[in-house]
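**Q** Could you have a look at this structure, given as structure tokens, before my questions?
The values are calculated or read from the model by the stated rules, or taken from the named source; none is laboratory data. All figures in this text were calculated on a predicted structure; none of them were measured in a lab. With ideal geometry, Cβ positions are generated from the backbone for all residues, glycine too; neighbour counts draw on all protein chains shown. What goes into the accessible areas is simple: the full protein's heavy atoms, side chains included, and nothing from ligands, DNA or RNA. Shrake-Rupley method; radii C 1.70, N 1.55, O 1.52, S 1.80 Å.
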Amino acid sequence: MQALIAEIAVTPTATRFARVVAVQGLLVEVAGAKGAIGVGSRLRLVGRDGGETLAEVVGFSETRALAMPFGPVDGVGMGSKVIIEDTAPAVHPCDQWLGRVVDALGRPVDGLGALPRGAQAYPIRCQPPPAHKRKRVGGKIDLGVRAMNTFLTCCRGQRMGIFAGSGVGKSSLLAMLARYSSADVIVIGLVGERGREVQEFIEDDLGPDGLARSVVVVATSDESALMRRQAAHMTLTVAEYFRDQGKDVLCLMDSVTRFAMAQREIGLSGGEPPTSKGYTPTVFAELPKLLERAGPGTGKGTITGLFTVLVEGDDHNEPVADAVRGILDGHIVLERAIAERGRFPAINILRSVSRTMPGCNSEDETRLVKTARRYMAAYDDMAEMIRLGAYRRGASDEIDKAIELNPGLEAFLGQGKTEQSSLDQGYARLGQILAPVME
């Protein structure tokens, strides 16, 4: 009953119309809506056959509104009718969304019927909680991946970036996190994903058990820039609902780069000037608005965010990667050279960092991790000489020990997709490997 009352309260009493006056590329120019709409308002474009296409206002040019469609505009032309929607874009998530796959507009795409409606409407573009009211990050969250649990320990409410080039194993790592994490709920956003891989990810990587406690939001690469951008915001909106229910939510998004590319398309179409690598100023304004929505809430629930960043040409200092790294609470670097020698996940521990460490660890755990990092760094510094046979054993006691420990540490960092490792198991195994050098 409450949901029905809330819906009646926002039901418009009158319908306002406008007209299409031009269609230029991705933009539809609309006249006759002065004073009735603003940036972000929703419109419905009516084609010649009576079909409707949803659009969003992205800017203005003199007295005309510039709108971008969420779908194809076939049949829309000069004089086509435009219906102005009075209500702000929102969805009504509920607990029954678990196990479902939805698109960027909150519509089911898994063929399992209509989605139940929750009592409360959640705006798709919601503001992050006020900084002075947010709780601090909580205790450790078990991610089920040894390398991350020990060397890059993540806390509840932390936000981490996974930086990698194409084909280095980002999606496989996300699948392991979704299946083995100790979080109450998993919300997965596949932004600009290849259409072929969506079903494979859901059925093979995520599996029935992983899907049962997950909500998957999908916008494939062939969909409009608006749909791809909105898929990212929809992912955070669903995560915010479960956070408000007091749940510990793990939000996985693949990828932030495709969100930025979608925003670049929208900005360039609206006439924004391109800056670094063609990215428009709004890209760098929108990134913190999206990423800051993850984290602790004002109550008990949290959103732990893990966002993948596709680095172009393996350049980890390209504009989007650099901007995201400055916003998040840590970064995980996947390296192609490690993947090429067959170790997965291909995490470069020495280039990765979690900003909640060592504050979340005990003294023994911190000492263990520091010792392992020291010997890994010593081996890395001399790796080229060791491979060439130029290093002579006995020249340095530390390097000799690093060479002895390297096979065990490499095996420790590698983990199969079907293998799960808890926090305690990870530290216990690392302790066994380092036992010969621990004082």
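**Q** Over segment 90-354, with every protein chain in place, what whole percent of the accessible area is carbon and sulfur at 1.4 Å, could you tell me?
**A** Values: 4560 of 9180 Å².
The computed percentage sits at 50.
**Q** How large is the accessible surface of V109 in square angstrom, using a 1.4 angstrom probe and rounding to the nearest 10?
**A** 80 Å²
**Q** Can you give the relative contact order of the chain as a percent, counting alpha carbon pairs under 8 Å and 6+ residues apart?
**A** Contact order relative to length: 16 percent.
**Q** Under 16 Å from the Cα of K300, which aspartates and glutamates turn up, not counting those fewer than eight places away in the same chain?
**A** Counting by Cα, and skipping residues close in sequence, K300 has these aspartates and glutamates nearby: D184, E240, D244, D248.
**Q** Okay, next question. Run lengths n ≥ 4 of DSSP H only: what is the helix-derived mean residue ellipticity at 222 nm for the chain, with -39500 (n - 2.57) per run over all residues, to the nearest 500?
**A** Helix contribution divided over all residues of the chain: -10500 deg cm²/dmol.
**Q** Please compute the length gained on full extension between R16 and D86, using 0.36 nm multiplied by the number of residues separating them and subtracting their Cα-Cα distance. Before the final figure, lay out the partial values.
**A** Numbers: separation 70, 0.36 × 70 = 25.20 nm, distance 0.85 nm.
Here the segment from R16 to D86 would lengthen by 24.4 nm.
**Q** Explain nothing, just the number: relative contact order of segment 363-437, from Cα pairs under 8 Å at least 6 residues apart, as a whole percent.
**A** Contact order relative to length: 39 percent.
**Q** With each pseudo-label sitting 7 Å past Cα toward Cβ, what's the R392-S221 distance in nm, one decimal?
**A** According to this spin-label approximation, the distance is 5.3 nm.
**Q** Taking a probe of 1.4 Å, how large is the accessible area per residue of segment 363-437, in Å²?
**A** 59 Å²
**Q** Select from P69, V82, V101 the residue farthest towards the positive end of the dipole of segment 7-103; place +1 on Cβ of Lys and Arg, -1 on Cβ of Asp and Glu, and compute about the Cα centre.
**A** V82
**Q** Treating the angle as unsigned and between 0 and 90°, give the value, to the nearest 10°, between the Cα long axis of helix 256-269 and the longest Cα principal axis of the chain.
**A** Result, in degrees: 30.
**Q** Could you state the per residue volume, in Å³, of the convex hull enclosing the Cα atoms of segment 129-247?
**A** So the per-residue Cα hull volume is 128 Å³.
**Q** How big is the accessible area of S182 in square angstrom, nearest 10, if you roll a 1.4 angstrom probe over the protein chains?
**A** Approximately 50 Å² of S182 is accessible to the 1.4 Å probe.
**Q** What FRET efficiency comes out for the pair E404/D424, r = Cβ-Cβ distance, R0 = 41 Å, nearest 0.05?
**A** It comes out at approximately 0.95.
**Q** Something else: Grab the Cα-Cα distance for N317 and L350, subtract it from 0.36 nm times how many residues apart they are, and report the gain in nm with one decimal.
**A** Stretched fully, the N317-L350 segment lengthens by 10.2 nm.
**Q** Same structure again: In whole percent, what relative contact order does segment 107-156 give with Cα contacts below 8 Å and a gap of six or more residues? Please list the in-between numbers first.
**A** On the way: 23 pairs, mean separation 12.5, N = 50.
Value for segment 107-156: 25 percent.
**Q** Cross-link partners among lysines for K401, C-alpha distance below 18 Å, same-chain residues fewer than 8 apart left out?
**A** Within the straight-line cut-off, K401 pairs with K370.
**Q** Another question, if that's okay. Over 10 Å intervals from 0, what percent of Cα-Cα pairs in segment 11-97 sits in each interval?
**A** Per 10 Å bin, starting at zero, the Cα-Cα P(r) for segment 11-97 comes out as 18, 51, 23, 7, 1 percent.
**Q** Something else: Find how much the distance from D209 to S172 grows on full extension, using 0.36 nm per residue of separation minus their present alpha carbon separation; answer in nm with one decimal.
**A** Residue separation times 0.36 nm, minus the Cα-Cα distance, leaves 11.7 nm.
**Q** In vacuo Debye scattering of segment 363-437, one point per C-alpha: log10 I(q)/I(0) at q = 0.20 Å⁻¹?
**A** Per q value, in the given order, log10 I(q)/I(0) is -0.88.
**Q** Okay, next question. May I ask which residue of N406, M385, A372 lies farthest towards the positive end of the charge dipole of segment 363-437, with charges of +1 (Lys, Arg) and -1 (Asp, Glu) on Cβ and the Cα centre as origin?
**A** Among N406, M385, A372, the one farthest towards the positive end of the dipole of segment 363-437 is M385.
**Q** What angle do you read, to the nearest 10 degrees and between 0 and 90, between the alpha-carbon axis of helix 397-413 and the longest principal axis of the chain?
**A** 40 degrees
**Q** If you don't mind, there's one more thing I want to ask. Considering only C-alpha atoms, what is the centroid distance from segment 192-266 to segment 391-439, in Å?
**A** 36 Å
**Q** Another question about this same structure. Cα axis of helix 170-180 to longest principal axis of the chain: angle in degrees, 0 to 90, nearest 10?
**A** The angle comes out at about 80 degrees.
**Q** What translational D, rounded to a whole number of µm²/s, comes out for segment 183-318 from Stokes-Einstein when the hydrodynamic radius is the Kirkwood one over Cα pairs, at 20 °C and 1.002 mPa s?
**A** Once the numbers are plugged in, D ends up at 138 µm²/s.
**Q** Could you compute the FRET efficiency for K370 and R341, with r as their C-beta to C-beta distance and R0 at 30 Å, rounded to 0.05? Let's see the in-between values first.
**A** On the way: r = 26 Å, r/R0 = 0.85.
Calculated transfer efficiency: 0.70.
**Q** If you take the square roots of the eigenvalues of the alpha-carbon gyration tensor of segment 103-171 and sort them as a ≥ b ≥ c, do you get rounded (a/c under 1.5), prolate (a/b over b/c) or oblate?
**A** Oblate shape, in that a/c is at least 1.5 and b/c is the bigger or equal ratio.
**Q** Further question: Sort F163, F60 by accessible area with a 1.4 Å probe, largest first.
**A** F60, F163
**Q** Using a 1.4 Å probe and ignoring any ligands, DNA or RNA, find the accessible area of K247 and quote it in Å² to the nearest 10.
**A** 60 Å²
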